[in-house]
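The values are calculated or read from the model by the stated rules, or taken from the named source; none is laboratory data. This one's a predicted model, so the numbers in the text were calculated from it and none came from an experiment. Glycine gets a Cβ as well: all are built from the backbone with ideal geometry, and neighbour counts include every protein chain shown.
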Amino acid sequence: KRERQLLSEKQAAAGQLAAGIAHEIRNPITAIKGFVQLMMSEHKGETTYYNIVESEINRVEMILKELMVLAKPTKIHYQELDIQRLLDKVLTLMESQTLLNNVEVIKNFHTLEVSVVGDENQLKQVFINYIKNAIEAMPDGGKLVVEGIHVNECVHIRIIDEGSGIPPDILERISEPFFTTKEHGTGLGMLVSNEIIEEHKGKINILSNTEGTSIEVILPTA
Ligand code: ADP
Ligand code: MG
């Protein structure tokens, strides 16, 4: 138990460090990107190398954005959040991606009438991360179930996909920083989500087999 606590403290410290570095690197990267775009517009027709530079910069920006979520943001704002509304907002944000990927969303949370205390942007980020992973796990489309139930003093929210699942040896590693099995993955989604849920005094349970994956988030109700 003590060892796990130490590990999680170490991970939190590493997260803070990474987030601090991400903040410092972001401005110069934004400047570099601006100049590359300027150069591209001045050298139309011979843009292949510029395109590579630009797409790699975009990738760096994506990694920085994810890392920065790990920083204790100054504008973190805890408030009472209606879970039903929060999930509806997240699914609206993800609608183009689900449509483009032939993913049918089944919402089973409309009987929930509970609130949690949390930071809206951070909690949205958690569900966006899980839903993105679910979509990416179903390259040929499928069903995505988002369900919520109220049990005692907690709300259980599950994101269930029909993907090919997470093999046990990989399951152990998915929360390691930069661990990814995807060609263009950042390997930060699970880590960032873990940190946020921990910060909100919640729990995460993952069930996975070759038929699909269920990610359950348990949060104390307000
Ligand atoms: P990324 O999505 O950039 O790879 P994540 O931290 O979000 O990084 O996920 C880490 C890894 O966990 C993924 O590369 C994938 O192997 C695995 N994973 C997470 N969610 C799922 C899921 N729903 N189905 C299958 N594999 C998953
Ligand atoms: Mg991901």
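Can you say whether ASN133 is within 11 Å of ligand 1 (Cβ to nearest atom), assigned to a helix (DSSP H, G or I) and within 29 Å of LEU81 (Cβ to Cβ), as far as the supplied structure shows? Before the answer, list the steps.
Working: within 11 Å of ligand 1 (Cβ to nearest atom): yes; assigned to a helix (DSSP H, G or I): yes; within 29 Å of LEU81 (Cβ to Cβ): yes.
It is true that ASN133 is within 11 Å of ligand 1 (Cβ to nearest atom), assigned to a helix (DSSP H, G or I) and within 29 Å of LEU81 (Cβ to Cβ).
Mind checking whether some residue in segment 145-161 is within 14 Å of ligand 2 (Cβ to nearest atom) and at pLDDT 95 or above? Walk me through how you get there before you give the answer.
We begin by selecting, within segment 145-161, every residue within 14 Å of ligand 2 (Cβ to nearest atom); these are 159, 161.
With at pLDDT 95 or above added as a condition, the list becomes 159, 161.
Among the residues of segment 145-161, at least one is within 14 Å of ligand 2 (Cβ to nearest atom) and at pLDDT 95 or above, which makes the answer yes.
Evaluate the following for LEU70: is it closer than 30 Å to ILE160 by Cβ and at pLDDT 90 or above? It would help to see each step written out before you state the result.
Numbers: closer than 30 Å to ILE160 by Cβ: yes; at pLDDT 90 or above: no.
Spelling it out, it is not the case that LEU70 is closer than 30 Å to ILE160 by Cβ and at pLDDT 90 or above.
Might you let me know whether segment 13-35 holds any residue that is under 22 Å from ASN129 (Cα atoms), under 26 Å from the mean Cα position of the chain (by Cα) and acidic (Asp, Glu)?
No, segment 13-35 contains no residue that is under 22 Å from ASN129 (Cα atoms), under 26 Å from the mean Cα position of the chain (by Cα) and acidic (Asp, Glu).
Over 15 Å from the mean Cα position of the chain (by Cα), more than 24 Å from GLN84 (Cβ to Cβ) and modelled with pLDDT under 95: which single residue out of GLU113, GLU183, GLU195 fits that description?
On the way: GLU113 fails: more than 24 Å from GLN84 (Cβ to Cβ); GLU195 fails: over 15 Å from the mean Cα position of the chain (by Cα).
That would be GLU183, the only listed residue that is over 15 Å from the mean Cα position of the chain (by Cα), more than 24 Å from GLN84 (Cβ to Cβ) and modelled with pLDDT under 95.
State yes or no: is SER96 within 23 Å of the chain's Cα centre (by Cα) and either of a type in the set (A, V, I, L, M, F, W, C) or surrounded by fewer than 17 Cβ atoms within 10 Å (Cβ to Cβ) (or both)?
Working: within 23 Å of the chain's Cα centre (by Cα): yes; either of a type in the set (A, V, I, L, M, F, W, C) or surrounded by fewer than 17 Cβ atoms within 10 Å (Cβ to Cβ) (or both): yes.
So SER96 passes the test.
Within segment 22-46, take every residue that is touching a helix residue (DSSP H, G or I) at 6+ places or on another chain (Cβ under 8 Å) and not β-branched (Val, Ile, Thr) and give me the one that is surrounded by the fewest Cβ atoms within 10 Å (Cβ to Cβ).
For segment 22-46, the residue satisfying everything is HIS43.
Would you say THR213 is over 26 Å from ASP88 (Cβ atoms) and either at pLDDT below 95 or not small (Gly, Ala, Ser) (or both)? Talk me through it step by step, then tell me what you get.
On the way: over 26 Å from ASP88 (Cβ atoms): no; either at pLDDT below 95 or not small (Gly, Ala, Ser) (or both): yes.
No.
Do any residues in segment 166-182 that are free of Cβ contacts under 8 Å to residues at least 24 places away in the same chain have Cβ atoms under 6 Å from those of residues that are loosely packed, with under 14 Cβ neighbours inside 10 Å and part of a loop (DSSP other than H, G, I, E, B), where the two are at least six apart or on different chains, and which pairs are they?
PHE179/ARG173
Tally up the residues in segment 143-166 that are assigned to a loop (DSSP other than H, G, I, E, B) and near ligand 1 (Cβ under 9 Å from one of its atoms), please.
In the first step, residues of segment 143-166 are kept if they are assigned to a loop (DSSP other than H, G, I, E, B); the result is 152-153, 162-166.
Within this subset, residues satisfying the condition of being near ligand 1 (Cβ under 9 Å from one of its atoms) are 163-166.
So the count comes out to 4.
Which of the residues belonging to segment 167-194 are more than 12 Å from ligand 2 (Cβ to nearest atom), assigned to a loop (DSSP other than H, G, I, E, B) and closer than 30 Å to THR221 by Cα?
Once the filter is applied, which keeps residues that are more than 12 Å from ligand 2 (Cβ to nearest atom), assigned to a loop (DSSP other than H, G, I, E, B) and closer than 30 Å to THR221 by Cα, segment 167-194 yields GLU172, ARG173, GLU176, PRO177.
Within the set of pairs 6+ apart or on separate chains, which have a first residue in segment 13-39 that is over 24 Å from LEU191 (Cα atoms), a second that is among the aromatic types (Phe, Trp, Tyr), and C-beta atoms under 9 Å apart?
Pairs that qualify, where the first residue is over 24 Å from LEU191 (Cα atoms) and the partner is among the aromatic types (Phe, Trp, Tyr), are VAL36/TYR50; GLN37/TYR50; MET39/TYR50.
When the residues of segment 200-215 are filtered to those that are surrounded by fewer than 16 Cβ atoms within 10 Å (Cβ to Cβ) and either in a strand (DSSP E or B) or polar (S, T, N, Q) (or both), which remaining residue is farthest from ligand 1 (Cβ to nearest atom)? Lay out the reasoning, then the answer.
First, the residues of segment 200-215 that are surrounded by fewer than 16 Cβ atoms within 10 Å (Cβ to Cβ): 201, 203, 205-207, 209-211.
The next check asks that each one be either in a strand (DSSP E or B) or polar (S, T, N, Q) (or both); those that pass are 203, 205-207, 209-210.
On the way: LYS203: 17, ASN205: 13, ILE206: 8, LEU207: 11, ASN209: 11, THR210: 11 Å.
Result: LYS203.
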